[in-house]
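The values are calculated or read from the model by the stated rules, or taken from the named source; none is laboratory data. In this text, all values refer to a predicted model and were calculated from it rather than measured experimentally. In this analysis, Cβ positions are derived from the backbone assuming ideal geometry, glycine residues included, and neighbour counts consider all displayed protein chains. With ligands, DNA and RNA removed, areas are computed over all heavy atoms of the protein, side chains included. Shrake-Rupley method; radii C 1.70, N 1.55, O 1.52, S 1.80 Å.
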Amino acid sequence: MLTLSSGGLKYRLSRSLENRYITYMLFIVVMLLKLVLMHYSLQVKNIDMNRVDYIIAIGSLFLVSFWTFWLPKRGRISALMLLNMILTGIIYADLVFFRYFEDFITVPILLQAGQVGSLGESIRSLIYWQDLFFFIDWIVLIPLTVSLVFRKKKERGYISAPTYGTSSRRKTVIRRFITGALVLLLGMMLTFVPIKKSAETWAAGLFEANWWNVTLYNVTGLIAFHGYDVYRYAQDHLGLQPALPSEEVENHRKWFEQKKANRNTASDSFGQYKGSNVIMIQTEAFMNFVVNQKINGQEITPNFNELMKESMYFSNFYHQTALGRTSDADFVTQSSLLPLPAGSVFTRYPSHEYDTIPTILKENGYAANVYHSYDSSFWNRHNVYKEMNYDRYYSKKDFKQDEMLGWSVSDESFFNQSLNMMKDVPEPFYSFLITLTSHHPYTLPKEKKMLDTGQFEGTMFGDYLQSMHYVDQALGKFMEQMKAQGLWDTSILVIYGDHDNSIKDQAMYEQFLGRPLNDLDMEQIMNQVPLLIHLPDGDHAGVYPEPAGMMNTAPTIYHLLGISQENYFLMGDSLLENQERLIPLRSGTFSNNEVFYIPEESGSFEKGVCYSLSTRQPTDVNACRAGYEETKQMLNLSDQVITYDLLKQFKTSSPDKK
Ligand code: GP9
Ligand code: MN
């Protein structure tokens, strides 16, 4: 196809492609088309590609490619092809990543790229044949580039530029340099002027508080987003981060002091279970909407439903996780802080100071162990758990791989082996268990599928229901074994789900629940996981409908065990005290007892939707204004505590010195 039969056409094509402006224009047009294709493949509501976005996209393409003008002909053509391949790779990797995480790949994510291998099967389900369009130009451009670059000198002779003398060669070099510099300048203008304008107007505060990468992308476009992300990472880690003004540090300290002052430790339940063991199970992708639900007459989670009757069950509990997924659930639950907007605290700031359950319980005479049958380096757990002071992290190598299911040993075997390991642990102990069988894409062997999922048979949603049913029966056996081991009456049992299942097909949920769902319903479904706390004597059992979140779990445990929180810095409150709560989610969504706010991707407050929880319909957005501000403040506070290692500062300098 490329050895064009007509010599004239071949000559003209080669000639055009050797013209630096034409090759360059071709590069820009092709890459722009790919960015547009990517944008529409993302299918993000409320973000379109408008004129300004095109300008920024062209500007940022100039910025990454201006230097090719400085190269001689063959180098320039090869460099543009190479850039095309790299950028296409980035664009496509981002798209696949987005389909699963609803976010873009960032430097911290890349640093935990070892994990991507484990996601193999999941990734395959996120690749569509239409994606070939991203690579279609390569069929023509790669062979063409190779033929232009490697053609023998003799053959090139008839189309190459005439031989220049020294002075005209110098002129050519100067011209190339000037063209490159002009493109760089133009690129800077087209990229930074509109971004700066947005950052000063409707997106004010976005770069400082940086609450959501999708909003950042909406302002910067994909290429500039990555540029900013690299800059942000360098700032965090290469000592470029300017110190936080001491005034701000003091404001943060005061926020915590205020929180402490409002805590009510006089309640009867404070210390009611002093000295009990705590067994906490973080269940993979266990969402709240399956609780108490049936499919074709069969309960999805019969054991959990039964246990609810003698437990505290929080029916509006939010997982509060972001991109760190399982690790965020772990972090938020253990530390009572919030997750980062980009990447996981586990991989970005593992050695900063946090007040976590294992650390605090160990200070109070407890043994503390964590159980998870997977590679110990996944999510950087081996480092993090050491920092958290666990006595021991029982990872994959500690579990007999007797019954393999999904990523690792089955939950049933995992539970059984973990409880056996606990036999040697002195009481009181804290055991944190993280399950894995019900991980995306939820495929189970036939003999483990016990439900008749009817119309969902053969869909990922149907597989998900099967998976939840499997986990539930494993939980049932776990409870039996706990009783047999004499742990039932001496332990507080906490069970919660870590995050959503990444299945966003609204029609499936509507079909399953048998009713139409509005945006509020969907947002709650995707963000709610169950939280159940079973107390040794079954006291306080009941359904607690007030909003709650992972940041409340640790304070609740301390409350039940009677551990004073005076010396710790926790953002959440015990679920047994203040019932008036605001639960912020990483996206800027929040819920309190009255309203639920869903931000718009553009980040503008007014464009977000404020729902009244009593009517479940949109209400005046101003009813959400105070909560919106508080949410932003809390997210910012948590980000700064994490990134500036503020707890260390708080603890080393006494408040009196201020
Ligand atoms: C792996 C497991 C899964 O160890 O915790 O993590 P996830 O992919 O759900 O974040
Ligand atoms: Mn998970």
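Tell me, in nm to one decimal, what length is gained between GLU566 and ASP489 on full extension, where the rule is 0.36 nm per residue of separation less the Cα-Cα distance?
Full-extension gain reported as 24.8 nm.
Express in nm, to one decimal, how much length is gained between VAL173 and LEU71 on full extension, taking 0.36 nm for each residue of separation and deducting their alpha carbon distance.
Taking VAL173 through LEU71 to full extension adds about 35.8 nm, to one decimal.
Would any residue of region 346-372 have its amide N under 14 Å from a label point 7 Å out along Cα→Cβ of ASP398? List them or say none.
367-372
Enumerate the calculated ³J(HN,Hα) couplings along region 197-202 in order (Karplus 6.51 cos²θ - 1.76 cosθ + 1.60, θ = phi - 60°), each rounded to whole Hz, writing x wherever the residue is Gly or Pro.
Each residue of region 197-202 in turn: 4, 4, 5, 8, 10, 5 Hz.
For a quick check: with amide H placed at 1.01 Å from N, whose amide H comes under 5 Å from THR619's, ignoring anything fewer than 5 positions away on the same chain?
The answer is CYS610, TYR611, SER612.
Write down Rg/Rh for the chain, rounded to two decimals, with Rg from the C-alpha atoms and Rh from the Kirkwood relation over Cα pairs.
1.03
Can you list the residues, at least 5 places off or on another chain, whose amide H is less than 5 Å from the amide H of ASN593, using H built in the peptide plane?
Long-range HN contacts for ASN593: ARG581.
Above 21 angstrom, tally the Cα pairs of region 221-323 and express them as a % of all pairs, no decimals.
70 percent
Can you compute the modelled spin-label distance between SER269 and LEU184, with each label point 7 Å from Cα toward Cβ, in nm?
A separation of 6.3 nm, rounded to one decimal place.
Which whole-number value in Å³ per residue fits the convex hull of the alpha carbons of region 356-450?
For region 356-450, the hull spanned by Cα atoms encloses 104 Å³ per residue.
Please list the non-local residues whose amide H lies under 5 Å from the amide H of TYR374, H modeled 1.01 Å from N, same-chain partners needing a gap of 5 or more.
For TYR374, the qualifying residues are LYS396.
Under 12 Å from the Cβ of GLN617, count the other residues' Cβ atoms, weight Lys and Arg +1, Asp and Glu -1, and hand me the total.
My count for the surroundings of GLN617 gives -2.
Among DSSP bridges having both ends in the chain, what percentage is antiparallel? Round to the nearest 5.
Taking every DSSP beta bridge within the chain, about 45 percent pair in antiparallel fashion.
Please report the spacing between the Cα centers of region 467-482 and region 31-63 in Å, no decimals.
47 Å
What ranking, highest mean first, results for peptides 82-95, 503-516, 574-587 when packing means the other Cβ atoms within 10 Å averaged over each residue?
By packing density, highest mean first, the sequence is 574-587, 82-95, 503-516.
Could you compute how much accessible surface ASP330 exposes when probed at 1.4 Å, giving the result in Å² to the nearest 10?
Accessible surface of ASP330 is approximately 0 Å².
Calculate how many DSSP beta bridges within region 269-575 are antiparallel, expressed in % of all such bridges and rounded to the nearest 5.
Percentage antiparallel, nearest 5: 30.
Rank by packing, highest mean first: peptides 385-391, 135-141, with packing defined as the count of other Cβ atoms within 10 Å averaged across residues.
So the peptides 385-391, 135-141, ranked by packing, come out 385-391, 135-141.
Around ILE563, what is the net charge, scoring Lys/Arg as +1 and Asp/Glu as -1 over all other residues with Cβ under 15 Å from its Cβ?
Local charge sum for ILE563: -1.
Using only helices, what value at 222 nm comes out for the chain when you add -39,500 (n - 2.57) per DSSP H run of length 4 or more and divide by the total residues, to the nearest 500 deg cm²/dmol?
-15000 deg cm²/dmol
Per-residue counts of other Cβ atoms within 10 Å, averaged by peptide: what ranking do you get for 363-376, 268-281, 314-327, 588-601, highest first?
Per-residue mean Cβ counts within 10 Å order the peptides as 314-327, 588-601, 363-376, 268-281.
Please state, to two decimals, what the Cα-based radius of gyration of region 269-575 comes to when divided by 2.2 N^0.38 Å (N = residues).
Compared with the compact-globule rule of thumb, region 269-575 sits at 0.94.
With label points built 7 Å along Cα→Cβ from the Cα atoms of ALA243 and ILE22, find their separation and express it in nm.
6.0 nm
May I ask you to evaluate 6.51 cos²θ - 1.76 cosθ + 1.60, the Karplus curve with θ = phi - 60°, for each residue of region 385-392 and list the ³J(HN,Hα) values in order in whole Hz, giving x for glycine and proline?
So the J values, rounded to whole Hz, are 5, 5, 4, 6, 6, 4, 5, 7.
Lys and Arg at +1, Asp and Glu at -1: add these up for the other residues within a Cβ distance under 13 Å of GLN524 and post the number.
Cβ neighbours under 13 Å give a net charge of -3.
To the nearest 0.05, what FRET efficiency results for ASN383 and GLU447 with a Förster distance of 45 Å applied to their C-beta separation?
Plugging the Cβ-Cβ distance into 1/(1 + (r/R0)^6) gives 0.75.
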